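The values are calculated or read from the model by the stated rules, or taken from the named source; none is laboratory data. From a predicted model like this one, the values you see are computed outputs, not experimental measurements. Ideal geometry is used to build each Cβ from the backbone, glycine not excepted, and the neighbour counts take in all protein chains shown. To get the accessible areas, we keep the full protein, side chains included, count just its heavy atoms, and leave off ligands, DNA and RNA. Shrake-Rupley method; radii C 1.70, N 1.55, O 1.52, S 1.80 Å.
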Amino acid sequence: MEFSHTSVLLEETIEGLQIRPDGIYVDGTLGGGGHSSRIAGQLSGGRLIGIDQDGDAIAAAGARLAPWKDRVTLVRNNYCNMPVVLEQLGVAGADGIVLDLGVSSYQLDNGERGFSYQNDAPLDMRMDRRQTLTARTIVNEYPEMELYRIIRDYGEDKFAKNIAKHIVSERQKKPVETTGELSEIIRGAIPAKMREKGGHPAKRTFQAIRIACNRELEVLENSLDGLIGLLNPKGRLCIITFHSLEDRIVKAAFRKNENPCTCPPEFPVCVCGKKSRGTVITRKPIVPSQEEQKSNPRSKSAKLRIFEKAEEAD
């Protein structure tokens, strides 16, 4: 299957990066290379480093970025390891970093990857197929209370308790092997009158299991301070999120890095010594235009936030 993915908020992200032709830029979630191809095309003397944990993405992006291979380096890794990747490449800092979070259209549409409830395929959901943990393991081996917590917290599904109960009940009869089987179990756990409200009944649970399988929120939360640390003075970090949990983490991290002071509000001057690392450029997130949402329905929940490193910061 060809790796196809329509880059969301493409123009807004490229504008937000304020690309310098001689700058160093990192795409931490390379995907099909949509953002990267636009960045590479604007470089002359600069360098683009593309990182992705999905081997299919690295292969597809390599072909797409071939016209600019003299200025592009691709690395198969997780963006949480970006500090190590840049150190190994001898890169001291970046003028811009992009993260386009979530699952790609290719991963959703490629049935064998097991991300979608719309295809019947083995329960997988790994973004990096080198890892051992799969969705099948989570569904069949995690305790009921842990399944409940995952579906409640990551899927924000009000029927989380009943869904977890149904999964455990069914797996006691036989292991749940496919996305189709899981989708039917979820459907049976949701009251009939509620099934057609808010999209497919399995949508939230599949999202939750995918997030847990790939440790998406944990990776994001633990990476943001380090990514800001990698930026050169006036460098920019552009992050596109697709659900409220990711957006909350990004918003909070940007705010904390802009104003890290922990002094009580009644103190007349700061004594904690914590200095701002930069400025939040987007007081409100940038969202797709009506035209983009219409042409690419998967963009509807996207939000772009931008942080600019201070001229004098770590």
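Of note:
- Single residue of ARG248, ARG210 found to be of a type outside the set (A, V, I, L, M, F, W, C) and free of Cβ contacts under 8 Å to residues at least 12 places away in the same chain: ARG248
- Taken together, ARG113, ARG126, ARG152, ARG136 contain a single residue that is of a type in the set (Lys, Arg) and touching a Cys at 6+ places or on another chain (Cβ under 8 Å), which is ARG126.
- For region 101-130, a tally of residues being of a type in the set (D, E, K, R) and either in a loop (DSSP other than H, G, I, E, B) or modelled with pLDDT of 95 or more (or both) returns 6.
- Within region 20-37, being surrounded by fewer than 23 Cβ atoms within 10 Å (Cβ to Cβ) and within 16 Å of the chain's Cα centre (by Cα) holds for one residue alone: GLY34.
- Every condition in (1) charged (D, E, K, R); (2) closer than 15 Å to TYR117 by Cβ; (3) in contact with a Phe, Trp or Tyr (Cβ under 8 Å, 6 or more places away or on another chain) is met by LYS161 except one, and the failing one is (2).
- Number of positions in region 182-207 that are among the basic types (Lys, Arg) and in contact (Cβ under 8 Å) with a residue 24 or more places away in the chain: 2
- The listed residue being at pLDDT 95 or above and exposed (fewer than 15 other Cβ atoms within 10 Å of the Cβ), out of PRO233, PRO285: PRO233
- Consider region 188-218 and keep the residues that are charged (D, E, K, R) and either outside any helix (DSSP H, G or I) or open to solvent by 70 Å² or more (accessible area, probe 1.4 Å) (or both). The one that is farthest from THR137 (Cα to Cα) is LYS193.
- Subset of region 38-68 that is surrounded by fewer than 18 Cβ atoms within 10 Å (Cβ to Cβ) and assigned to a loop (DSSP other than H, G, I, E, B) - its residue that is nearest to the chain's Cα centre (by Cα): GLN42
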